[in-house]
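Following: one structure in structure tokens, then a few remarks.
The values are calculated or read from the model by the stated rules, or taken from the named source; none is laboratory data. Note that this is a predicted model, so its numbers are computed, not measured. As a convention, Cβ positions derive from the backbone with ideal geometry for all residues, glycine included, and neighbour counts pool all protein chains shown.
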Amino acid sequence: MIRALLIGLLFCAPLAAEYESNFGRVTLANCDLIVQGVASAKRTRVAASFRVEVTVQQVLYGETEQREVSVYYTDDKMLKDNEPVRALFALKTMATGGFSIVGKPVYAPESEPESAAKQSVCEAFVALEQEKQGEERTTNFWALLVRHIRQGGFAAQNAAVELMFVAQHRSSIVTEERFTQVQDARGFGEKGLTTQTKEDLKLAFQGLVEAGVKTLKFRRIRRGDTKEDRRNAATELLKLVEEYPRAFTEADAKLTKAIADQSQDAVLNETLAELESAIILEVRVREAADKTTKPQD
């Protein structure tokens, strides 16, 4: 459920330039308060909504002196029926009093080992978004994602969604070095990654390659300072085709051929020929798969 919430939020809000992260633009931009608290077992119907009293255990964002707040929501399946729910709640002040829930609560029962990690991730992103906007904050954002992938568990799950956000909305901050950092982090923390998180990271990395990394490597092939650097870039691209074939298109194959036609480096051209063939093969495989799955008239 948490993964669905995170990915759903990725696409449901406009990009707010003043925020560094997906968490910032979809949560902090829309709430006044984030608390760790316990929703009582009692739910009260109020017109088309439900009201529940939440006992505030800790304030993670915003300010309130209240130790108990009235929270309103419309989805009757948002909270487990007839039992107290300990969770992180993002809340928006209502003009009529009380708070509405932003998104969905992130369940954090005391018996769950990941509960502390959920709170820690929230606190880390709140602190990040309070830093001054600029390159230093962006560097800190990337370092946070690397650390969370290495950490595994919920932190890595959230980092995967953040990387999807980067690929879709902030590809300009992606560098080859940063891409290598998250790849290395995935290798380091692999044992702590769930199967779903591994799949999400692969999808996020594919997005990063498609949105910016492959362009940076093509640029090195054409403008690298040395023959060795240009050759290495071509070899690295070939490996990316093997790992993330869906990040490449026929246009990339044409670009590869165009570069080879202008190159006088036989060693580089050999790799480029292999790269072009690999891309074309992957494109044709996808086209064939699409034809077999396309509904017949």
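Summary of computed values
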| read-out | value |
| --- | --- |
| Hits in segment 191-228 (condition: farther than 20 Å from T256 by Cα, among the acidic types (D, E) and surrounded by 15 or more Cβ atoms within 10 Å (Cβ to Cβ)) | D200 |
| Selection count, segment 107-130, where residues are surrounded by fewer than 20 Cβ atoms within 10 Å (Cβ to Cβ) and either free of Cβ contacts under 8 Å to residues at least 40 places away in the same chain or not in a helix (DSSP H, G or I) (or both) | 13 |
| Failed item, numbered, when P295 is tested on (1) in the same structural domain as E177 (by TED's automatic domain parsing); (2) modelled with pLDDT under 95 | (1) |
| Residue in segment 153-176 that is surrounded by fewer than 18 Cβ atoms within 10 Å (Cβ to Cβ) and free of Cβ contacts under 8 Å to residues at least 12 places away in the same chain present | no |
| So S171, is it of a type in the set (S, T, N, Q) and in the same structural domain as R86 (by TED's automatic domain parsing) | no |
| Failed item, numbered, when G103 is tested on (1) surrounded by 13 or more Cβ atoms within 10 Å (Cβ to Cβ); (2) out of contact with any helix residue (DSSP H, G or I) (no Cβ under 9 Å at 6 or more places or on another chain); (3) on the phi > 0 side of the Ramachandran plot | (2) |
| Helices (runs of 4 or more DSSP H) completely within segment 196-297 that count 1 or more residues being closer than 26 Å to A185 by Cα and within 31 Å of the chain's Cα centre (by Cα) | 214-223, 227-243 |
| Of all residues in segment 245-271 being within 14 Å of T215 (Cα to Cα) and among the aliphatic types (A, V, I, L, M), the one that is surrounded by the fewest Cβ atoms within 10 Å (Cβ to Cβ) | A251 |
| Residue count, segment 86-99 (criterion: under 11 Å from C31 (Cα atoms) and surrounded by 18 or more Cβ atoms within 10 Å (Cβ to Cβ)) | 4 |
| In segment 42-64, the residues that are aromatic (F, W, Y) and either over 15 Å from L79 (Cβ atoms) or in contact with a Ser or Thr (Cβ under 6 Å, 6 or more places away or on another chain) (or both) | Y61 |
| Qualifying residue in segment 73-85 (condition: surrounded by 14 or more Cβ atoms within 10 Å (Cβ to Cβ), among the polar types (S, T, N, Q) and over 26 Å from the mean Cα position of the chain (by Cα)) | no |
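So that you can scan it fast, the table gives a plain yes or no per residue for (1) in contact (Cβ under 8 Å) with a residue 12 or more places away in the chain; (2) closer than 19 Å to E274 by Cα; (3) of a type in the set (D, E, K, R):
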| residue | (1), (2), (3) |
| --- | --- |
| L203 | yes, no, no |
| K214 | yes, yes, yes |
| K227 | yes, yes, yes |
| V241 | yes, yes, no |
| R246 | yes, yes, yes |
| A251 | no, yes, no |
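Yes or no, residue by residue, for (1) at pLDDT 90 or above; (2) acidic (D, E); (3) closer than 27 Å to A159 by Cα; (4) in a strand (DSSP E or B):
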| position | (1), (2), (3), (4) |
| --- | --- |
| A17 | no, no, yes, no |
| A29 | yes, no, yes, no |
| R45 | yes, no, no, yes |
| F50 | yes, no, no, yes |
| T55 | yes, no, no, yes |
| V59 | yes, no, yes, yes |
| V69 | yes, no, no, yes |
| N82 | no, no, no, no |
| A87 | yes, no, yes, yes |
